[in-house]
Amino acid sequence: MEPKVTIHRYYSRQAKYEGAVEADLELCIKHCGGDVVRIELVNRLHGIQLQRKLRRLLLLMFLSIAYFVGTCGFDNRTISFLQPRILYPLITCASVAILLIRSTLNLVQAERLFYSWDMALQMETVRSFGRESVLCVQRGHIEDIVLNEVIEDLDVKYMLILRTKGSQFKKRPIIPLFNSQSPSIECLQHTYHVLHKYWLNSTKDRSEESYSKDKQSLVNS
Amino acid sequence: MSIKIYLPVNYYYLNKSTNLYGQVQINEDNVVSYYVLEASDLEFSDKAINHEKGNLRFLGSILNEDFNADQNQFLKFNMRLCFTYNSSQANITLVYLGITPEYLKHIKVILYDKQMVRNLFVSGESENRRSLEYNDNDSTDCDFLELSRLNQPTADNQNKANNNANKSIQYGLTLIADSPIKIFEYMAENVFINSIMVHTTIYKHFKEWQTACDKRSRPANIVLDRILGIILMLILFTLATQPGDFLIQISHYVIDELYGLLKVLEGSPIGLKLNIHLNNFFLDCFKYHIELWSTFLDFIEPLVRQVFLAIGMIGCLGFTFQIALLVDLISVIGLHSHCFYIYTKVLYNVERRGLSVLWQVVRGNRYNILKGRTESHNYMNRQLYLATIFFSAILFLLPTTLVYYIVFAALKALTFATLSVFHFLRRKLMYLPIEVCIKRLLRGCHEIDCIQIKDVSHHERAFLMHKQQKINVTVYKITTL
């Protein structure tokens, strides 16, 4: 059985507020058969965002080089880094550069979710330059998957939250899913329905099939 | 119903007949998990297959594709799993499963690396708690925890004679290692010594150390503590030619520094003009104390030379004991500066209180205790005269007292900060999870939350034929970042 793949496009919250014409998030749901599903949320504008950040970094480097060359000149006299006209701009440029590099590295390219009813739920975040971070919640630690409304900074947004249980997750009772790219509520609802269907359908189907099997055996006997 | 087969990666690409051993677990939700843990070569000469290998159960075999077996053949050998291999494929293929209900549609084969699974640990928990965690309900539906537990290396109990010898040797080594702490405990629990040592830092640390040792929670910390303590003890005894003089010299150095500090205060510190008579009184009093302390040091110098060797042997107990002893020594050496701080603090508080009260009197007010407020009052002339004299005297003496108070309060704060640093270092050395850090550095331990499940691609789709029905077999692989 070939896996069934469905692709949908949604707006992120920032895109909605900006009034973007095209959807910037692509939701790819891959039903692998049985009780396994793979969901991938891709940021279609990641390349543009990365280029923008890199351009800002290059502009900062160019401006800083121009300033220091203009200030120090081409003389052979010794230059001390402790001079105020060199030290303060140097610290400022370094701080801004660090902030720009940090924001560049934190851009999210894609978020992948692997859910298997009898195994685990795995959340994988791919950031700029292919850096990955993985979180795996085993089957026994999954309590429920809910769609929650959150009010933050006078803004109402929705979060898909994984409720956990067990001693290992006492300090993390809730884990947000697909939170880095701020998807809209339509995307979250779609994801929630898919996950919840797998969460409930497995138990329900197994119970019904077992009951039917037992009933058939009883009828035969 | 769901069926999962956990298989080591190296067995998945095996091209020879092999017996598989492991465990089977069936959960309440009809989730069947086969944990393949070990394998042995299959010998066709043996008619009966060895069904027991240690604590593991016989699960099945990896056979050649030419082996034409039917259901009866599998049942005869009491197999639960059967894989086949051939020359055209690099990996093995599942051909038989003991539990195959009609409504089963999907089988998962999960490949794992034995070494990686052994090095899994739960963040925030010690390694010793792994066995206790099995009784917890968390591990019921957590396959990775179960897999990690099953793959832990087990101790061999075959050589009992060697075990007895090892036990006796370990007992002897433990007795030798614990003898210093036993001696210290015997000395500390003495009635006469206990009344004095209860207030010392080393006794408090001994109690904390005893509690940590009884819990058996940080064995690596204890070993490291002992090693560092012995090394430092040897260094001190080697470098210091006269160990007793070292302590005396430090004490005299502290006394000289205090003399220098008082000499600075004798003049006009930071341009402040202090009251001459009060300043002289302070200086005479403090110098007398320092002279008394110096005389006391000269008196106990022969005793220190004899006792220092015993004090140095504290290193056998551990580095943390040495730090605690250092804290006590600093407290003893700085005892006089602490007394100076107390004197100036009391005097400063008295003057501050006196000023606040006399200020009200000079302004013609008084505090009504019954009504709880300040109200005006007509004082007599002689009362105002005395209040003015005392207020003026205290006000003019306040800068001198304030300077001394600030100086010795700063000195006290510096000493307290130093002691706090040593206290923090001692606590960190005792409770730092060194074992986990070492495992992470050397063996590359991974947290169980960072497991990554990946698909293993097939050049052709794998399935299992059972009663004219295809059951899909999907292969996954467990890795870590």
*Checking A:LEU160 against (1) farther than 19 Å from B:ILE451 by Cα; (2) surrounded by fewer than 19 Cβ atoms within 10 Å (Cβ to Cβ), the condition it does not meet*: (2)
*Go through (1) under 38 Å from the mean Cα position of the chain (by Cα); (2) among the hydroxyl-bearing types (Ser, Thr, Tyr); (3) modelled with pLDDT of 85 or more one by one and return the number of the condition B:THR344 breaks.*
(1)
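Here is a yes/no grid of residues against (1) away from chain B (no Cβ under 14 Å); (2) in a loop (DSSP other than H, G, I, E, B); (3) out of contact with any Phe, Trp or Tyr (no Cβ under 6 Å at 6 or more places or on another chain):
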{"position": "A:TYR158", "(1), (2), (3)": "yes, no, yes"}
{"position": "A:ARG163", "(1), (2), (3)": "yes, no, yes"}
{"position": "A:ARG172", "(1), (2), (3)": "no, yes, yes"}
{"position": "A:PRO176", "(1), (2), (3)": "yes, no, yes"}
{"position": "A:SER180", "(1), (2), (3)": "yes, yes, yes"}
{"position": "A:CYS187", "(1), (2), (3)": "yes, no, no"}
{"position": "A:HIS190", "(1), (2), (3)": "yes, no, yes"}
{"position": "A:VAL194", "(1), (2), (3)": "yes, no, yes"}
{"position": "A:LYS197", "(1), (2), (3)": "yes, no, yes"}
_Quick check on segment A:98-113. Is at least one of its residues touching a Lys or Arg at 6+ places or on another chain (Cβ under 7 Å) and among the β-branched types (Val, Ile, Thr)?_
yes
*Can you tell me which residues in segment B:356-402 are without any contact (Cβ under 8 Å) to a residue 24 or more places away in the chain and among the small types (Gly, Ala, Ser)?*
B:SER356, B:GLY364, B:GLY372, B:SER376, B:SER392, B:ALA393
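Only one of B:SER179, B:SER148 is of a type in the set (Gly, Ala, Ser), closer than 16 Å to B:SER33 by Cα and either assigned to a helix (DSSP H, G or I) or at pLDDT 70 or above (or both). Can you tell me which? Give the derivation first.
Values: B:SER179 fails: closer than 16 Å to B:SER33 by Cα.
Being of a type in the set (Gly, Ala, Ser), closer than 16 Å to B:SER33 by Cα and either assigned to a helix (DSSP H, G or I) or at pLDDT 70 or above (or both) holds for just one of B:SER179, B:SER148, which is B:SER148.
Condition check ((1) crowded, with 16+ Cβ neighbours inside 10 Å; (2) over 29 Å from B:LEU397 (Cβ atoms)) across all residues:
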{"site": "B:GLN322", "(1), (2)": "yes, yes"}
{"site": "B:VAL346", "(1), (2)": "no, no"}
{"site": "B:GLY354", "(1), (2)": "yes, no"}
{"site": "B:ARG366", "(1), (2)": "no, no"}
{"site": "B:GLY372", "(1), (2)": "no, yes"}
{"site": "B:MET380", "(1), (2)": "no, no"}
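The values are calculated or read from the model by the stated rules, or taken from the named source; none is laboratory data. The structure presented is a predicted model; accordingly, all values stated were derived computationally and were not measured. We place every Cβ from the backbone using ideal geometry, glycine too, and count neighbours over all the protein chains shown.
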